[in-house]
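Please read the structure below before turning to the comments.
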Amino acid sequence: MTFQTSRHKSLQPVGLATRYLQNLRRRDFLAGQAFVDGQWMSDGQRDPVIDPATGEEIAHVARCGAAEMQVAIAAAERSFPAWRELLPARRGAILRSWASLMLEHADELAILVTSEQGKPLAEARHEIVYGAGFLEWFAAEGERAYGETIPSHKLGSLLQVRMQPVGVAAAITPWNFPIAMITRKAGAALAAGCPMIVKPAPETPLSALALARLAEQAGFPPGVLQVLVGDPIELSTPLLGDTRIRALSFTGSTEVGRLLLKGAAESVKKVSLELGGHAPFLVFDDVDVEKAVKGAMAAKFATSGQDCLAANRIYVQRSIYSAFVGAFAAAMAELKVGHGLEPTTDIGPMTKLSVARKCRSQIDDATKKGARVVSARHDESLGPNFISPTLLSEVTEDMLIAHEETFGPVAAVLPFDSEEEVIARANENEMGLAGYVYTDSLRRALRLSERIECGMVGINTASFTGPPIPFGGWKQSGLGREGSRHGLAEYMELKYVCFGDLAA
Ligand code: NAD
């Protein structure tokens with residue numbers, strides 16, 4: 001391996017991603033063409049794709065604009081009647097075939113994810129399996145979009161409620177899970193009978209376009225699944241105002257989510273928003289410290305901390321506070337930082353420089369206000385997108401990190417004294433995606449799971465996501481749910497039908 005100074009001025013394995021990409025069997029994964037109306041479009045300008053570890057250009061992708069989006073909307077609209085009319089089992093068969101192709105090409109997809117997103121290869125591979133799981137699950141759930149029969153309040157009448165596909169759907173997806181955030185949305189929409197147009201994050205287009213290649217191979221008719229990459233505003237503006245787009249699903253920052261919600265109001269769409277979090281992680285003194293540390297490690301450092309479920313405030317009861325901080329620092333010291341394609345790496349680069357900058361500003365702010373840096377091995381030569389795992393203790397609520405999402409490998413640990421106090425502090429935040437509670441008391445677990453203000457709660461576990469659960473948040477963390485039957489309902493309309501005059 002040669003190490004040299006790259007455009008980023010970092011001591012990183014320049015050329016590593018390129019070498020991996022050159023060896024891909026599926027050369028079409030690197031073609032960088034958008035997928036519109038069953039055609040691969042590559043005319044016009046192209047944008048570079050950057051390896052966030054080294055700053056190198058590793059590929060180029062076609063830049064779509066408003067004109068291409070108009071073509072896509074019209075194609076999706078045309079494809080809707082036939083797709084809606086297919087038997088759910090037939091739609092499910094195509095979704096399953098898409099999932100099988102993803103698993104067949106899991107290693108190659110993982111290389112794409114790591115090369116453009118930065119996460120360690122093992123995590124990227126896990127994302128492919130996790131992402132394919134949504135397609136398999138919704139393939140079956142589409143067959144269970146049951147309606148209802150309502151006991152009638154009118155003599156001689158029969159009351160039915162049906163679930164019908166809402167129409168063309170659009171997805172705007174983030175860079176932290178460039179595969180799974182597409183399949184979680186598209187699996188539900190396509191199973192419901194809705195065509196979907198996907199606009200992935202500009203940082204991670206290769207993963208999205210490779211998914212489109214596999215979707216074509218799986219047999220979706222033209223226009224049913226389309227992927228367009230390019231400038232976010234140029235591509236989303238036509239979607240927002242157009243009444244042919246009946247549903248919009250977004251994952252990303254709260255700021256952009258608010259803009260999209262406002263924009264979608266113009267055409268009164270069904271909108272679902274997954275806007276990130278600021279998860280409180282509560283550790284009570286009746287638990288085994290090692291067990292709680294293991295949970296905190298998983299909840300903080302998955303996806304190098306770039307995860308909306310990441311523990312952003314780790315509250316530890318005062319009597320075990322020092323023991324927890326010591327054990328947590330020791331576990332963090334084991335984490336290896338580096339290029340995601342290096343087999344020993346646990347923490348890769350931040351995908352965006354802005355995220356690394358936000359981490360640094362939170363560390364500076366916290367230390368200025370009295371937080372203690374317990375563990376951090378900053379190595380400037382890693383490059384500007386890298387943040388070494390950093391443990392801040394004695395964090396207080398006036399610090400930025402206590403209320404602003406970190407999205408990186410910086411852990412904030414705060415002491416608390418009583419259950420009443422900690423639940424009030426945990427709920428003070430305007431985010432409400434996930435929360436974690438570590439306790440051996442069943443009563444306390446039940447009380448806190450009821451009182452914590454968020455959409456998902458892990459009791460003595462940091463691992464709870466997957467296709468069957470309703471993923472989503474309260475408060476500023478979003479609207480609607482993904483995964484589960486609730487996720488399918490985001491793409492369906494209820495229709496109430498009253499059959500009257502049935503008396504013989
Ligand atoms: P972002 O919200 O800007 O990007 C998410 C998606 O929205 C991308 O596809 C992007 O191209 C698109 N987008 C951006 N601006 C848009 C606009 N004006 N109109 C339409 N689409 C637009 O997020 P970011 O700036 O890349 O990251 C900033 C912060 O957002 C992160 O630090 C993190 O706190 C949060 N975030 C959360 C998640 C999550 O999983 N909920 C994912 C990514 C980012």
Checklist entry - What is the set of long-range amide H partners of residue 379 at a cut-off below 5 Å, with H atoms built 1.01 Å from backbone N? => result 388
Checklist entry - Any idea of the accessible area per residue across region 279-466, 1.4 Å probe, to the nearest Å²? => result 38
Checklist entry - Extension gain residue 162-residue 286, at 0.36 nm per residue separation less the Cα-Cα distance, in nm? => result 39.7 nm
Item to check | Relative contact order computed over the chain (Cα-Cα under 8 Å; 6+ residues apart), in percent | outcome: 18
Item to check | Amide H contacts under 5 Å for residue 435, placed H, 5+ residues apart | outcome: 456, 457, 458
Item to check | Cut-off 13 Å (backbone N to label point 7 Å along Cα→Cβ of residue 417), residues of region 301-341 | outcome: 318-319
Checklist outcome for this item: Averaged per residue, the 1.4 Å probe accessible area of region 36-77, protein heavy atoms only, in Å², is roughly 41
Checklist entry - With every protein chain left in place, what is the accessible area of residue 261 in Å² (1.4 Å probe, nearest 10)? => result 70
Checklist entry - What order, most packed first, do the peptides 432-439, 240-247 have when packing is the mean number of other Cβ atoms within 10 Å of each residue? => result 432-439, 240-247
Next on the checklist: Output needed for region 279-466: three equivalent-ellipsoid semi-axes, defined as square roots of 5 times the C-alpha gyration tensor eigenvalues, in descending order, whole Å.
Outcome noted: 26, 17, 16
Next on the checklist: So, R0 is 51 Å and r is the distance between the beta-carbons of residue 424 and residue 501; what FRET efficiency does that work out to, to 0.05?
Outcome noted: 0.30
Item to check | Estimated vicinal HN-Hα couplings, Hz - region 482-493 in sequence order (Karplus 6.51, -1.76, 1.60; Gly, Pro = x) | outcome: 10, x, 6, 5, 5, x, 5, 5, 4, 10, 10, 10
Item to check | Residues whose placed amide H lies under 5 Å from that of residue 414, excluding near-sequence neighbours | outcome: 314, 315, 316
Next on the checklist: Output wanted: per-residue J couplings in Hz (rounded whole) for region 53-61, from phi through Karplus 6.51 cos²θ - 1.76 cosθ + 1.60, θ = phi - 60°, x for Gly and Pro.
Outcome noted: 6, 10, x, 7, 7, 10, 5, 9, 10
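Looking at the chain only, what percent of DSSP beta bridges run antiparallel? Nearest 5 please.
Here the antiparallel bridges make up roughly 45 percent for the chain.
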Item to check | region 279-466 - percent of accessible surface contributed by carbon and sulfur, probe 1.4 Å | outcome: 50
Item to check | Accessible heavy-atom area order of 143, 274, highest first, probe of 1.4 Å | outcome: 143, 274
Next on the checklist: Going through the cross-link list 269/352; 199/270; 262/368, which pairs have a Cα-Cα distance over 27 Å in this structure?
Outcome noted: 269/352; 262/368
Checklist outcome for this item: Two pseudo-spin positions, 7 Å from Cα along C-beta at residue 441 and at residue 259, lie apart in nanometres by 4.6
Item to check | FRET efficiency, 1/(1 + (r/R0)^6) with R0 30 Å, evaluated for residue 344 and residue 372 via beta carbons | outcome: 0.55
Checklist entry - Which aspartates and glutamates does residue 291 reach when only Cα atoms under 19 Å apart count, and residues fewer than 8 places away in its own chain are ignored? => result 334, 440
Checklist outcome for this item: Between residue 234 and residue 322, Cβ-based FRET efficiency (R0 41 Å, step 0.05) works out to 0.20
Checklist entry - Normalized C-alpha radius of gyration of the chain, against 2.2 N^0.38 Å? => result 1.01
Checklist entry - Using a 1.4 Å probe on the protein chains only, how many percent of the accessible area of region 69-184 belongs to carbon and sulfur? => result 58
Checklist entry - Each residue of region 356-371 in turn: what ³J(HN,Hα) in whole Hz from Karplus with 6.51, -1.76, 1.60 and θ = phi - 60°, glycine and Pro shown as x? => result 4, 5, 4, 4, 4, 5, 5, 5, 4, 4, 5, 5, 4, 8, x, 6
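The values are calculated or read from the model by the stated rules, or taken from the named source; none is laboratory data. Bear in mind the structure is a predicted one, so any value in this text is a computation, not a measurement. We place every Cβ from the backbone using ideal geometry, glycine too, and count neighbours over all the protein chains shown. Each accessible area value is taken on the protein alone, full model and side chains, heavy atoms only, with ligands, DNA and RNA left out. Shrake-Rupley method; radii C 1.70, N 1.55, O 1.52, S 1.80 Å.
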